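Asker: A single structure is presented below for examination.
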Amino acid sequence: MDDFAAFVAERADALLRYGYVLSGNPHDAADLTQEALIRLHRAWSRVRGKRDPESYVRVTMARLHISTWRLRRRERLGWDLPETSHEDVLPSESEQGLWQALEGLPRKQRAVLVLRYYEQLTDAEIAGVLGISQGTVRSHASLGLSRLRSAIDRPSATNGSAR
């Protein structure tokens with residue numbers, strides 16, 4: 001159990017940030033992290049010997065997040081900064097538009113983009129985490145990127161025409 005405690009002490013903050021990126025909400029991020037670590041603790045004897053425990057926790061967090069939003073499909077996330085401080089630099093004013101646009105995406109598109117660009121997973125790995133086909137991963141990524149581009153281009157076009 002000392003290995004588990006050391007793992008949690010070392011990686012808990014990074015996992016909490018990952019939960020925040022997935023959920024967009026500090027409270028949901030804490031819940032995701034806590035539940036994933038509880039599940040890791042139960043499986044610790046299997047996980048530590050076979051593969052990377054952090055990978056196991058991140059996959060668990062992604063799956064928990066998906067099952068949560070299946071239950072609460074109509075939830076509206078707001079842009080609230082985390083209550084606790086962390087080492088990451090907060091988004092600049094120009095980047096906040098991107099984060100807000102990311103929040104506006106459907107949950108599966110957001111999950112695919114986070115797993116692809118934040119976690120740098122391959123399409124096959126994303127498909128495994130989300131339980132969908134690789135073609136669906138590529139489709140969600142394409143649609144999500146298209147919506148992000150149009151959401152980000154729209155404000156700059158309206159600012160230019162307001163002169």
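The values are calculated or read from the model by the stated rules, or taken from the named source; none is laboratory data. The structure displayed is predicted, hence computed values, not measured ones. Positions of Cβ are generated from backbone atoms using ideal geometry, with glycine treated the same way; all protein chains shown enter the neighbour counts. Each accessible area value is taken on the protein alone, full model and side chains, heavy atoms only, with ligands, DNA and RNA left out. Shrake-Rupley method; radii C 1.70, N 1.55, O 1.52, S 1.80 Å.
Asker: In whole Hz, with x marking every Gly and Pro, tabulate ³J(HN,Hα) for the stretch 28-34 from phi via Karplus 6.51 cos²θ - 1.76 cosθ + 1.60, θ = phi - 60°.
Answerer: 5, 4, 5, 5, 4, 4, 4
Asker: Please work out the average accessible area per residue across the stretch 4-59, using the 1.4 Å probe convention, and give it in Å². Walk me through the numbers on the way to the answer.
Answerer: Values: 2900 Å² over 56 residues.
Dividing the accessible area of the stretch 4-59 by its residue count gives 52 Å².
Asker: Which order do peptides 113-119, 147-153 fall in by mean Cβ count within 10 Å, highest first?
Answerer: 113-119, 147-153
Asker: Name the shape class, rounded, prolate or oblate, that the alpha-carbon gyration tensor gives for the stretch 1-56, where a ≥ b ≥ c are the square roots of its eigenvalues, rounded holds for a/c under 1.5, and otherwise prolate holds if a/b is larger than b/c and oblate otherwise.
Answerer: Prolate, because a/c is 1.5 or more and a/b exceeds b/c.
Asker: On to the next question. Based on the mean of other beta carbon atoms within 10 Å per residue, what is the order of 46-54, 123-131, most packed first?
Answerer: The densest-packed peptide leads the list: 123-131, 46-54.
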